[in-house]
Each structure stands twice: as structure tokens, then as C-alpha cells.
Amino acid sequence: MWFLILTAIVFNTVFLFMPKKLTAIEIFSTCMFAIVLQDNVDIYLDLKLDWYGYFTKGTQWQTLIAIFGIYPAVNAIFLNYYQCTRNVAQKFWYIISCSAFAVFYEWLAVKSGYFYHNQWKLWYSAIVYPFLFLLLLVVLKLVRKLIHRQYNRISR
């Protein structure tokens, strides 16, 4: 539990003090998407199939610390520091680096006891994380497109 609380504090402190390159609506909408996606995946992989979970089988209130204390901050930090103007190789290595960090963090979470694996393997996460980070980038692009479209409609 201490690891979960400590990392929630650290990630949110980084988020609060980082220079923001995203607008409030971009942060809010991408964070809400990340939370909804995470909750839906957890319903099936955690609660229904019991491939992994938080603390013990079933639902616990402490899971809310991860859902609201870690995922939104990590989402915003990842998107905030993503360099849209960089070349493809730099973008690729940024996503791979963030994915490697996420796998390492998941391993630490398992070791600390706030997360467990049953049928899920850590290498599955290593495969999935790059796609999740790419999905967050697609959602950010969609949000920006919707904002731009709305702004153009209002300004006419």
C-alpha cells in the first residue's frame, strides 16, 4: 500500500509542477478516456477472468487510489512530454521508453503487493503498453480535431 500511495504522490507532484503544454480540456478528456478504458479492461481481465488484480480478488476501495491517483497523472505526463514535432525515430523511442518504465513500474507494483498476476504475464504488458500509449496519442489528436472543429463552427 505504501508504494501505491508514494507513487500517487510523486506522479501527481510531477503533474502539478510540470510546465503544461496541453490545455485543460485536452488533459481532462484524455484522462477521462484513460480511466474509462482502464476500468473497462479491468472489469474483464481482473474481475471476470481474474488474470490480474489489485491487492486481492474482487474490488477494494484502495483500487481507487490507482485509478484516480496514478493513471490520470501518468497519462497527462506522457502526453505533455510527447514531442509532436520530433522525427519518427525519436517518437518511437519515447513510446518504447515510457513502455519500459510502465513495465518496470508494474513489476514494482507486483513486488510491493498492491498488484498481482494470475494468468497475466509481465511480457504481455510489455507488448500492450506501446499500443496503449499510441491509443492515448490518437485520442489526443481526436480531441484536438474536435476542439478545432467546434472553434471553427463558433467563429463563423
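Laboratory data are not the source of any read-out in this text; all were calculated from the coordinates shown. A quick note: this is a predicted structure, and the numbers were derived from the prediction, not measured. For neighbour counting, all protein chains shown are included, and Cβ atoms are generated from backbone atoms with ideal geometry for every residue, glycine included.
Values as computed for the structure displayed
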| quantity | calculated |
| --- | --- |
| Among F17, M1, Y44 - extreme Cα towards positive end, dipole of the chain, charges at beta-carbon | F17 |
| From the coordinates shown, Cα Rg over 2.2 N^0.38 Å corresponds to which of (i) 1.11; (ii) 1.06; (iii) 1.38 | (i) |
| Theoretical ellipticity at 222 nm over the chain - DSSP helices of four or more residues, -39500 (n - 2.57) apiece, nearest 500 | -24500 deg cm²/dmol |
| Within the range 115-145: backbone nitrogen closer than 18 Å to the V10 label point (7 Å, Cα to C-beta) | 115 |
| Chain lengthening between A126 and W2 when straightened (0.36 nm per residue, less Cα-Cα) | 42.2 nm |
| FRET efficiency, 1/(1 + (r/R0)^6) with R0 35 Å, evaluated for Q60 and Q83 via beta carbons | 0.40 |
| Debye, to nearest 20: dipole size of the chain, +1 on Lys, Arg Cβ, -1 on Asp, Glu Cβ | 800 |
| Gain in span if fully extended, Q90 to I67, counting 0.36 nm per residue against the direct Cα distance | 5.4 nm |
| Karplus-derived HN-Hα couplings along the range 131-142 (A = 6.51, B = -1.76, C = 1.60, θ = phi - 60°), whole Hz, x at Gly and Pro | 5, 5, 5, 5, 4, 4, 5, 5, 5, 4, 4, 5 |
| Cα centroid separation - the range 54-79 against the range 102-156, whole Å | 13 |
| Phi-based couplings in Hz for the range 75-90 (Karplus 6.51, -1.76, 1.60; Gly and Pro marked x) | 4, 5, 5, 4, 5, 5, 8, 5, 9, 5, 8, 6, 6, 4, 4, 5 |
